[in-house]
Amino acid sequence: MFFKKLLILLVLTNFISIPGMANEAFLPIYIINRGHKFLHLTSDDFVVSKTNAEIHSEIIGQVRWDRTEQNLLIPWVTLRLRTRISQDQKIHYRYKGRSYFTQQIGQEEISDLNISTFDSDRIEVFLDGQSSGHVGVNMKRKGKRKKTVIEDYSCSGYNVEIFGFDGEFMSIGCELIRETIGGQVISSLRVHWMCNEFRTLDLLKGPYTIGFSEGRSSVISVINGSGDKKEITFMVDFPKRIHRLNTAVGLGPYLYKNEYGNQAKEPQTLPSFMLYGNYYLNNVHSLKFFEALVMRESVFNHAGLYIGSEIGKFYDDRLVFSTLLGLQALSYRFDSGTDDLFTQMIYPQGLEITMHHPWDLEKYKFVVGGFLSPQSDVIYQNFWLRFGSRIFVELNYINWQHRSRSASMYGVSIGMPLFSAF
């Protein structure tokens with residue numbers, strides 16, 4: 001039964017990743033707003049430039065946003081090019097190393113091309129195989145705008161600041177690199193950027209990358225199409241070293257009830273103790289462990305050790321699916337005066353979904369997770385909701401049954417960092 005449910009979850013994961021669904025809000029509440037970071041651009045914010053008077057051009061549809069490999073959010077538009085059908089000349093276009101041919105509609109030849117508006121590349125026009133001008137799309141500045149720089153969520157927490165720009169449009173993305181050197185995890189930060197007006201002095205087009213390791217600032221000279229030069233400054237802040245091991249502790253009230261044979265205790269509110277640990281292995285896998293304990297006359301304790309693996313990222317890497325594969329040691333005693341401590345190994349497997357920056361709260365996380373047992377003789381259910389940053393709130397429900405023994409607990413706890421090492 002567990003594996004059937006896991007299969008359903010994986011199918012849903014694949015469905016969410018369908019490109020056509022990536023712009024839709026499939027959740028019942030709007031937790032992830034992909035458009036929050038975007039600039040409010042329409043087709044009126046662009047102007048088409050062309051050197052061939054026979055070509056008629058227009059921007060159709062809405063501005064679309066795509067993420068590059070460098071975590072840059074770039075606006076794209078669809079440019080429709082129209083010419084009258086000519087028996088004497090054949091026309092086609094070339095853009096970014098690819099040739100585009102026309103379709104015939106009525107008395108016109110039409111071609112629709114997707115154009116990156118942060119890229120100065122032009123569409124080259126060919127008549128009978130000979131170059132005959134070009135077509136491009138430029139952004140209008142429209143004076144001083146409140147927001148012209150797009151800083152991706154991947155830069156959250158690194159305090160990226162830019163000085164020297166004055167109304168130009170710019171996109172910034174970040175990538176934290178973690179390398180194991182001498183047994184320590186050393187961090188470096190790559191800041192990727194692209195500007196719609198300026199290039200570096202070698203006139204090579206972006207995106208450009210600044211690699212920060214020891215330093216925390218960089219000054220770059222740039223030039224625009226009119227020959228105007230300026231200097232821009234990038235400043236960042238990030239830890240030089242990342243600890244492999246991070247732990248946290250949680251405390252809170254839980255409603256607890258348990259049974260043994262024909263005996264049952266009335267539900268009672270007991271204090272709970274939670275211990276969480278995460279040991280970094282690489283950029284995909286980590287070793288996770290936890291301890292959950294409620295105890296008075298009765299004891300209900302379970303400790304787990306799991307390999308956590310990220311199996312998919314969606315919605316601009318803000319929605320992360322992870323598997324939890326491992327085992328638990330569970331200890332139970334109905335009452336200290338009537339029975340001995342019962343201990344067994346159980347093997348529930350889990351899935352966790354992490355939403356980074358939910359409701360546009362940067363550096364926060366909203367986590368939904370659960371364990372189910374594939375063992376026929378053990379019923380084990382463990383579900384949790386967690387929200388916060390360094391300090392977090394967790395709602396948790398745990399239910400266990402094995403033959404004549406059963407225990408369950410649910411409640412809320414407040415978690416906070418305990419220590420980091422290695």
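The values are calculated or read from the model by the stated rules, or taken from the named source; none is laboratory data. What you see is a predicted model, and the numbers here were worked out from it, not measured in a lab. Because the Cβ atoms are built from the backbone with ideal geometry, glycine has one as well, and the counts that use them run over all protein chains shown.
Structure notes:
- Condition met for Arg241 (closer than 29 Å to Ile74 by Cα and in contact (Cβ under 8 Å) with a residue 12 or more places away in the chain): no
- Tally of residues being outside any strand (DSSP E or B), touching a Lys or Arg at 6+ places or on another chain (Cβ under 9 Å) and within 26 Å of Asn283 (Cβ to Cβ) across region 224-249: 3
- Flag for Asn283 being closer than 30 Å to Arg178 by Cα, outside the structural domain of Ser213 (by TED's automatic domain parsing) and in contact (Cβ under 8 Å) with a residue 60 or more places away in the chain: yes
- Filtered residue count, region 222-252, keeping only those that are surrounded by fewer than 16 Cβ atoms within 10 Å (Cβ to Cβ), more than 30 Å from Gly277 (Cβ to Cβ) and out of contact with any Ser or Thr (no Cβ under 7 Å at 6 or more places or on another chain): 6
- Matching option when the condition is surrounded by fewer than 16 Cβ atoms within 10 Å (Cβ to Cβ) and either in contact with a Leu (Cβ under 8 Å, 6 or more places away or on another chain) or modelled with pLDDT of 95 or more (or both), among Met345, Met355: Met345
- Condition broken by Glu266, with the remaining ones in (1) in a strand (DSSP E or B); (2) without any contact (Cβ under 8 Å) to a residue 12 or more places away in the chain satisfied: (1)
- Here region 155-169 is the region considered, the condition is being closer than 18 Å to Lys230 by Cα and not aliphatic (A, V, I, L, M), and the residue that is nearest to the chain's Cα centre (by Cα) is Glu161.
- Scan of region 166-179 for residues that are in contact (Cβ under 8 Å) with a residue 40 or more places away in the chain and over 18 Å from Asn138 (Cα atoms), ordered by number: Ile172, Gly173, Cys174, Glu175, Leu176, Arg178
- Within region 400-418, being of a type in the set (Lys, Arg) and free of Cβ contacts under 8 Å to residues at least 60 places away in the same chain holds for one residue alone: Arg403.
- The set of residues in region 188-211 being farther than 15 Å from Cys155 by Cα, free of Cβ contacts under 8 Å to residues at least 60 places away in the same chain and in a strand (DSSP E or B) consists of Phe198, Thr200, Tyr208.
- All conditions but one from (1) over 28 Å from Asp360 (Cα atoms); (2) in contact with a Leu (Cβ under 8 Å, 6 or more places away or on another chain) apply to Tyr158; the one that does not is (1).
- Top-ranked residue of region 170-193 - restricted to ones that are more than 19 Å from Asp237 (Cβ to Cβ) and surrounded by 15 or more Cβ atoms within 10 Å (Cβ to Cβ), ranked as farthest from the chain's Cα centre (by Cα): Met170
- Applying the criterion of at least 2 residues that are more than 20 Å from Ser218 (Cβ to Cβ) to the strands (runs of 3 or more DSSP E) found wholly in region 132-187 leaves 170-181.
- The set of residues from region 385-422 being under 18 Å from Asn246 (Cβ atoms) and surrounded by 19 or more Cβ atoms within 10 Å (Cβ to Cβ) comprises Arg386, Phe392, Glu394, Ser413, Gly415.
- Residue pairs meeting the criteria (Cβ under 6 Å; at least 6 apart or on separate chains; first more than 18 Å from Pro348 (Cβ to Cβ) and in the same structural domain as Leu255 (by TED's automatic domain parsing), in region 376-399; second at pLDDT below 95 and surrounded by 15 or more Cβ atoms within 10 Å (Cβ to Cβ)): Ser389/Tyr364
- Scanning region 272-307 for residues being modelled with pLDDT under 90, over 16 Å from Leu255 (Cα atoms) and of a type in the set (Asp, Glu) gives a total of 0.
- Strands (runs of 3 or more DSSP E) enclosed by region 305-389 - at least 2 residues per element that are within 26 Å of Glu69 (Cα to Cα): 319-333, 349-356, 365-372
- Considering residues of region 67-86 that are in a strand (DSSP E or B) and hydroxyl-bearing (Ser, Thr, Tyr) only, the residue farthest from Glu54 (Cα to Cα): Thr78
- Any hit, region 88-106, residues being of a type outside the set (Val, Ile, Thr), within 19 Å of Phe38 (Cα to Cα) and in a strand (DSSP E or B): no
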